[in-house]
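*Asks:* Please read through the structure below; I'll follow up with questions.
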Amino acid sequence: MPLWRLLILCAVLLAPQPTSAEPALLERYDGPTTTWNPVPNRFGVRVLQHERVRQDSQHGTGAELVRLTGPPGYSGMLLTPIGRAPILEDLSVQVRLRCDHPGVQLALRVVLPREVDQRTGLPVKAIVRGDARARGTHEWEDLTLDQTPTAVRRHARAIGSTVGHSIDWSGAYADAVVLIVPCDPRGASLWVDELAISGLIQTTANEGADPAGARKAIAQPRTVRLSQEGLFINDRPFYPRIITHYGEPLEELRKLGFNTIAFETPPTGELRRDCSKLGLQAICPPPGPDVLSDAATAVEWDVALAWLLPQRTDQHSLDSTMALADSLRQSDATLARPLIAWPVAAWSSWSRLADGLVVESPWSAPERMLSGCQGRIAEATRFGRPGAPLFAAIPLSHSDQFVQQVTSFAPAGTVDAWRSPSEVAVEAMAAATDGARGIWVTRGAPLTNAESDNRVRQGMALLNLNLTLLEPWLRDGQRAGEISAQQPGYAATVMTRGRTRLLIPQPADEQTRPSATVTYVTPGVAEAAKAYEFTPVGMRPLPLSRLAGGAHVTTNNPAAWLLITEDTRSAAEVSQRVRSVARRAGALQEAIAISELRHAEAHLSPLVMAAGSNSPDAAVLADARRKISAAKSAQSAGAIDAAFAHAAAATNQLASWSRGRVATARSSQQLDSSPLAAQASTIIDHHRLLQLIEPLVRRDNLLPGGDFEDHGNATASGWRHTAREDAGGAAVVSFSGDQPAEGTRCLRIECPAGEQTTPATTLVEIDSPEVNVNAGGLYEITGQVRVEQASGQGALVVSDNLGGEELSLVIDRPSSWRPFRLLRRATTDTQLRLRFAAVGPVTAELDAVMIRPVELPTSVKAAVLGAPALQRK
């Protein structure tokens with residue numbers, strides 16, 4: 001035999017013989033972490049149980065159990081990502097499972113990179129199903145999907161016949177395996193024992209890798225995008241309920257209903273792993289570019305939804321942040337996360353630099369916090385990039401300046417650093433219905449286990465529960481405007497989603513006369529539509545009458561949400577969501593009422609003792625106790641609706657009483673801003689403070705140019721005015737000689753009514769020069785103000801840098817010259833500066849503005865400045 005033939009024969013004999021190929025991906029579900037992700041839907045399909053279980057399975061020791069419930073005829077989908085698997089003849093997927101209902105199908109999610117989805121601008125994704133269906137006999141069985149090119153080609157033809165043109169499926173690849181599970185209202189269970197994928201083609205760099213290496217190679221990070229419709233994770237909409245982390249265990253924040261944690265610094269690996277384990281998302285500053293540019297280390301940050309640019313940035317930091325954003329986008333090729341900025345001005349510039357903006361609710365006097373929140377969102381929407389997504393930041397705690405000032409005056413143990421949870425909830429709901437694509441609760445301190453913090457925890461849990469109930473509209477719906485009720489003072493925001501309208505009541509002001517019923521007239525309602533009233537604890541149908549002007553719907557619960565729909569499935573979905581949270585909502589509302597009562601008894605008892613047991617204050621507390629007792633009785637009897645109503649009434653009564661006390665203290669003839677008048681718990685100390693300082697000596701004025709007699713002198717002294725970017729050329733600041741309060745001239749501010757946003761926004765700011773103040777000193781800021789005209793929500797706002805906007809004076813009613821006063825204490829050697837802001841259309845004048853130290857004799861210093869020795873008897 002020739003030598004060359006002998007060599008060929010040896011090569012053939014020694015070559016490896018064909019054997020059954022090992023799967024490129026093999027998952028046997030033996031670990032503790034679930035990997036099948038339920039796909040959200042709009043048809044009421046939800047997960048009852050999802051966990052890894054140990055049992056006598058076919059291969060290995062475990063399986064993944066998923067139990068779904070949903071309306072008959074609908075299916076739920078479970079998805080597990082597989083990276084990027086080209087559609088080739090050898091690609092085959094096999095899953096071993098058992099189920100208690102027939103009809104489960106195996107499918108692939110296939111990406112068609114040459115076809116663009118007109119709704120999203122992204123490549124088309126299609127669910128390509130296999131032909132086999134599970135028998136549902138509780139026995140283990142195999143489902144296989146092979147001949148994938150044929151299946152994809154067939155599906156592409158079906159899509160083409162629908163859209164009217166041929167579909168190019170070249171370059172198609174699968175990025176996920178899908179299980180389609182028919183639902184049953186009583187529950188349908190599925191156990192998955194093994195997933196095997198064969199025919200995965202790896203890149204040259206991965207050839208010869210072992211199976212473990214192959215599995216690691218196809219693990220891909222999630223895709224996250226941010227558009228005007230909101231956040232999307234793997235193309236599924238996500239509505240974030242965010243809270244800033246202050247060191248608490250993440251599990252505690254998750255129990256309060258938050259689904260996203262914001263970190264002020266890049267989180268550690270342990271925190272990131274905890275977020276993943278608990279199903280929480282993260283928003284944080286990015287890690288270094290060396291981490292993001294390496295795919296192996298970048299995927300360790302997959303839990304992050306977005307990168308937070310340096311916080312509270314202004315116009316002056318645009319250039320430096322722009323360079324940071326460009327560098328970040330270049331290095332973040334693996335995760336490609338959106339960038340979020342937190343500006344305080346220059347909305348247009350910042351909205352073009354970042355993918356989304358955080359809009360922080362501005363600090364203001366308590367009665368204007370809600371309108372300030374709405375005004376800031378309106379301002380960002382009006383002047384930002386069209387369609388720029390906004391996240392509303394709502395403060396849960398008082399500002400640092402507020403706490404510092406109140407603490408420096410108040411008796412020990414009387415200051416509450418937390419804002420009222422009910423007020424925070426009102427602002428959050430208003431921001432959500434105004435178009436915010438997520439709610440971000442900010443704070444200046446951690447939540448502890450103290451009794452005082454329980455009230456805040458319960459309030460946040462109920463807020464998140466309400467946001468969860470309304471999430472389908474906040475996430476997928478559109479704001480369709482506002483409608484007023486037939487009863488004066490009542491209005492609702494209208495949200496639409498498909499053929500469904502949702503009416504969300506707006507908070508009524510304190511002057512609104514209570515009404516037993518509220519009627520809304522909604523135009524354009526279909527003949528087949530029905531109306532429902534629902535709260536977190538129940539849902540019931542309402543009569544819907546069609547009269548002149550539209551459909552009339554009347555409710556005897558002004559705080560309830562109203563659903564108007566011709567889609568019975570939407571009503572069933574809402575009913576199911578309500579039933580799933582009703583018991584927890586009822587228990588939370590009762591706990592909140594009890595906490596509010598304890599808070600009132602602990603902090604407001606001096607008011608009751610001062611007024612006597614027969615006073616209106618004592619009557620309010622007694623009535624709240626009766627309502628809470630009625631709530632407990634109803635809860636024991638199983639009447640959750642009645643229990644919720646009684647507890648909510650007690651909570652609202654106590655909150656209204658507290659607000660009324662503060663409003664009364666702030667509505668004296670002289671315009672006063674005293675830190676002790678800002679909280680109901682220190683009002684009795686406010687009146688005492690005014691009596692103590694009345695006879696004390698005031699030293700010489702420290703503020704130059706506050707008489708406004710000479711423009712040159714005021715400018716040289718450091719007085720400045722700034723027109724905001726939205727003021728245009730309409731605002732005018734001048735010196736006027738028309739009937740000043742003192743001397744021959746005064747400062748005049750004119751912001752005429754024009755094309756204004758509603759609520760009003762700040763148009764002009766006038767800042768005083770800084771004056772030096774000494775630690776421990778008490779300072780009295782005084783002046784004269786005259787408001788000639790204030791339209792809509794127009795006002796002149798007087799504030800300072802020691803007290804901040806939360807202790808500002810809001811002057812919104814026309815009047816002749818009136819004196820104003822701010823009392824402040826310097827806790828360190830620092831500078832004091834005043835600010836006068838024109839908000840909305842207003843014409844006002846200022847005169848005789850002074851800053852004077854108040855002499856404090858040693859004998860009265862402790863009594864005036866809240867030393868620990870001052871305790872109430």
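*Asks:* Would you pick out the residues in the range 69-86 that are under 29 Å from the mean Cα position of the chain (by Cα) and not in a strand (DSSP E or B)?
*Replies:* Hit for the range 69-86 is 70, nothing else.
*Asks:* Within the range 334-379, can you find the residues that are touching a Leu at 6+ places or on another chain (Cβ under 8 Å), on the phi < 0 side of the Ramachandran plot and part of a loop (DSSP other than H, G, I, E, B)?
*Replies:* Result: 334, 335, 337, 338, 342, 354, 355, 365.
*Asks:* Something else now. Give 365, 354 a once-over and let me know the one that is buried (at least 23 other Cβ atoms within 10 Å of the Cβ), in contact with a strand residue (DSSP E or B) (Cβ under 9 Å, 6 or more places away or on another chain) and hydrophobic (A, V, I, L, M, F, W, C).
*Replies:* On the way: 365 fails: buried (at least 23 other Cβ atoms within 10 Å of the Cβ).
Testing whether each residue is buried (at least 23 other Cβ atoms within 10 Å of the Cβ), in contact with a strand residue (DSSP E or B) (Cβ under 9 Å, 6 or more places away or on another chain) and hydrophobic (A, V, I, L, M, F, W, C) leaves just 354.
*Asks:* What's the number of the only condition in (1) more than 28 Å from residue 368 (Cβ to Cβ); (2) modelled with pLDDT of 90 or more; (3) assigned to a helix (DSSP H, G or I) that residue 475 fails to meet?
*Replies:* All conditions pass for residue 475, except number (2).
*Asks:* Check whether at least one residue in the range 521-540 is basic (Lys, Arg), in contact (Cβ under 8 Å) with a residue 60 or more places away in the chain and surrounded by fewer than 20 Cβ atoms within 10 Å (Cβ to Cβ), and report yes or no.
*Replies:* First pass over the range 521-540, keeping only residues basic (Lys, Arg): 530, 540.
If we keep only those that are in contact (Cβ under 8 Å) with a residue 60 or more places away in the chain as well, we get none.
Within the range 521-540 (the criterion being basic (Lys, Arg), in contact (Cβ under 8 Å) with a residue 60 or more places away in the chain and surrounded by fewer than 20 Cβ atoms within 10 Å (Cβ to Cβ)), the answer is no, since none of the residues qualifies.
*Asks:* Let me ask another. For residues that are assigned to a strand (DSSP E or B) and not aliphatic (A, V, I, L, M), scanning just the range 231-249, find the one that is modelled with the lowest pLDDT. Let's see the steps before the verdict.
*Replies:* Of the range 231-249, the ones assigned to a strand (DSSP E or B) are 231-233, 236-238, 241-244.
Checking the rest, the ones that are also not aliphatic (A, V, I, L, M) come to 232, 236-238, 241, 244.
Numbers: 232: 92, 236: 87, 237: 91, 238: 94, 241: 97, 244: 95.
Ranking the candidates gives 236 first.
*Asks:* Here are the criteria: (1) buried (at least 20 other Cβ atoms within 10 Å of the Cβ); (2) within 29 Å of residue 64 (Cβ to Cβ). Tell me which single one residue 167 does not satisfy.
*Replies:* Status for residue 167: all satisfied but (2).
*Asks:* How about the range 807-824: which of its residues are over 20 Å from residue 402 (Cα atoms), under 39 Å from the mean Cα position of the chain (by Cα) and in contact (Cβ under 8 Å) with a residue 40 or more places away in the chain? Break it down into steps so the answer makes sense when it comes.
*Replies:* Step one: of the range 807-824, the residues over 20 Å from residue 402 (Cα atoms) are 812-819.
Cutting the leftovers down to under 39 Å from the mean Cα position of the chain (by Cα) gives us 812-814.
Listed by number, the list is empty, since nothing qualifies.
*Asks:* Right, next: Could you say whether any residue in the range 641-659 is surrounded by fewer than 20 Cβ atoms within 10 Å (Cβ to Cβ), in contact with a strand residue (DSSP E or B) (Cβ under 9 Å, 6 or more places away or on another chain) and assigned to a helix (DSSP H, G or I)?
*Replies:* Scanning the range 641-659 turns up at least one residue that is surrounded by fewer than 20 Cβ atoms within 10 Å (Cβ to Cβ), in contact with a strand residue (DSSP E or B) (Cβ under 9 Å, 6 or more places away or on another chain) and assigned to a helix (DSSP H, G or I).
*Asks:* Looking at 740, 752, 759, can you tell me which residue is buried (at least 20 other Cβ atoms within 10 Å of the Cβ) and modelled with pLDDT under 90?
*Replies:* Details: 740 fails: modelled with pLDDT under 90; 752 fails: buried (at least 20 other Cβ atoms within 10 Å of the Cβ).
Of the residues listed, the single one that is buried (at least 20 other Cβ atoms within 10 Å of the Cβ) and modelled with pLDDT under 90 is 759.
*Asks:* Of all residues in the range 660-718, which are at pLDDT 85 or above, in a loop (DSSP other than H, G, I, E, B) and among the hydroxyl-bearing types (Ser, Thr, Tyr)?
*Replies:* 674, the sole residue that qualifies.
*Asks:* In addition: Take the residues of the range 827-863 that are touching a residue at least 40 places away in the same chain (Cβ under 8 Å), farther than 17 Å from residue 700 by Cα and among the small types (Gly, Ala, Ser): which is surrounded by the most Cβ atoms within 10 Å (Cβ to Cβ)?
*Replies:* 838
*Asks:* Mind checking whether some residue in the range 304-327 is closer than 15 Å to residue 806 by Cβ and modelled with pLDDT under 90?
*Replies:* Taking the range 304-327 and keeping what is closer than 15 Å to residue 806 by Cβ, we get none.
No, the range 304-327 contains no residue that is closer than 15 Å to residue 806 by Cβ and modelled with pLDDT under 90.
The values are calculated or read from the model by the stated rules, or taken from the named source; none is laboratory data. Nothing here was measured: the structure is a model prediction, and the numbers come from that model. When we count neighbours, we look across all protein chains shown, and the Cβ atoms used for this are built from the backbone with ideal geometry, even at glycine.
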